């Protein structure tokens, strides 16, 4: 897999919830934050969005969407509406899987994905709190197709519709995150910036594909097709860290998932990631996560 796919694979989604709403003209509500990923998009009509703490209202037209990557409360209104109440205090009627507030000036598709933030930290630390998805980007046809499919499934009430819509929402989230990654390239320091430089991106791909390899700087510089000094300088400029520090952190993220989701012995996990002894692996792991592999497994065990 490519580095982004590797990182997305660490999200460890625990659950999905797919919903949506219909609202009349002049409508608006304030919503609480959700400790996971939250997505919504305009299927019909137009809307405005504002995250708490921001003065900016984001205008959303048909096909536009938002992904929230943090537990951030927010407001949504129709294009002509104002915030009138808290969402928890506002009654609605459930129709065709959508919260109906008594009109159809606005139809939105929404979803939530509960994730393990420990495993997702590498990704979420570099994504903006609000990812904007506008209908003029390359993902438009994908989002339009998914939204229509979700609407059809929710209205059909066919057996298995809930599972289908959950998987579609997962796909919607992934597409949105890819958009967020593209928006983040060149905006600061972090591993995402490396995607904008094919030479450094090749190095990340190699380290992700073989995290247990005993990588050395001359090998990595050779993969990049650069001198050692030039490679180190460019890698640090883009990511804010060194190649070997990045490799260690990536190994520990892989180790974290193995500890949480498999019954593999700690020594076996360490060996697979290039550590010759359990003690060497434990020392490196504690440096990144602040606790031993044993304690990490106990605190975040997802095994059944």
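The values are calculated or read from the model by the stated rules, or taken from the named source; none is laboratory data. Just so it is clear, the structure is predicted and the values come from calculations on it, not from any experiment. Cβ sites come from the backbone with ideal geometry, for glycine too, and all protein chains shown count toward neighbours.
One line per residue, one yes/no per condition, for (1) under 30 Å from residue 64 (Cβ atoms); (2) surrounded by fewer than 16 Cβ atoms within 10 Å (Cβ to Cβ); (3) touching a strand residue (DSSP E or B) at 6+ places or on another chain (Cβ under 9 Å); (4) without any contact (Cβ under 8 Å) to a residue 12 or more places away in the chain:
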residue: 172; (1), (2), (3), (4): yes, no, yes, no
residue: 175; (1), (2), (3), (4): yes, no, yes, no
residue: 193; (1), (2), (3), (4): yes, no, no, no
residue: 199; (1), (2), (3), (4): no, no, no, no
residue: 224; (1), (2), (3), (4): no, no, no, no
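Within the stretch 169-192, restricting attention to residues that are more than 16 Å from residue 6 (Cα to Cα), touching a helix residue (DSSP H, G or I) at 6+ places or on another chain (Cβ under 6 Å) and part of a helix (DSSP H, G or I), the residue that is modelled with the highest pLDDT is 172.
Residues in the stretch 233-244 that are surrounded by fewer than 17 Cβ atoms within 10 Å (Cβ to Cβ) and more than 18 Å from residue 124 (Cα to Cα): how many?
Pass one, the stretch 233-244, residues surrounded by fewer than 17 Cβ atoms within 10 Å (Cβ to Cβ): 233, 236-237, 240-242, 244.
Among the residues that remain, those that are also more than 18 Å from residue 124 (Cα to Cα) are: 233, 236-237, 242, 244.
Total meeting the criteria: 5.
Let's see how each residue does on (1) in a loop (DSSP other than H, G, I, E, B); (2) assigned by TED's automatic domain parsing to the domain that holds residue 116; (3) modelled with pLDDT of 95 or more:
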position	(1), (2), (3)
218	no, no, yes
222	no, no, yes
226	yes, no, yes
237	no, no, no
244	no, no, yes
248	no, no, yes
253	no, no, no
260	no, no, no
268	no, no, yes
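Report whether or not residue 247 is surrounded by 19 or more Cβ atoms within 10 Å (Cβ to Cβ) and more than 20 Å from residue 282 (Cβ to Cβ). In short, no.
Is there a residue being within 17 Å of residue 116 (Cα to Cα), without any contact (Cβ under 8 Å) to a residue 24 or more places away in the chain and assigned to a helix (DSSP H, G or I) anywhere in the stretch 296-303? Walk me through how you get there before you give the answer.
The initial filter retains those residues of the stretch 296-303 that are within 17 Å of residue 116 (Cα to Cα), namely 296-303.
In the following step, the residues that additionally are without any contact (Cβ under 8 Å) to a residue 24 or more places away in the chain were identified as 298-299.
If we keep only those that are assigned to a helix (DSSP H, G or I) as well, we get 298-299.
Yes, the stretch 296-303 contains at least one residue that is within 17 Å of residue 116 (Cα to Cα), without any contact (Cβ under 8 Å) to a residue 24 or more places away in the chain and assigned to a helix (DSSP H, G or I).
Identify all residues within the stretch 81-94 that are under 14 Å from residue 110 (Cβ atoms) and in a strand (DSSP E or B); write none if there are none. Please lay out each step first, then the result.
Our first condition is that a residue be under 14 Å from residue 110 (Cβ atoms); within the stretch 81-94, this holds for 87, 92, 94.
Once the filter is applied, which keeps residues that are under 14 Å from residue 110 (Cβ atoms) and in a strand (DSSP E or B), the stretch 81-94 yields only 94.
Filtered by the rule that a residue be touching a residue at least 60 places away in the same chain (Cβ under 8 Å) and closer than 16 Å to residue 213 by Cβ, the stretch 255-277 gives 272, 273, 274. Right, residue 126: in the same structural domain as residue 27 (by TED's automatic domain parsing), touching a helix residue (DSSP H, G or I) at 6+ places or on another chain (Cβ under 7 Å) and closer than 30 Å to residue 252 by Cα or not? It is true that residue 126 is in the same structural domain as residue 27 (by TED's automatic domain parsing), touching a helix residue (DSSP H, G or I) at 6+ places or on another chain (Cβ under 7 Å) and closer than 30 Å to residue 252 by Cα.
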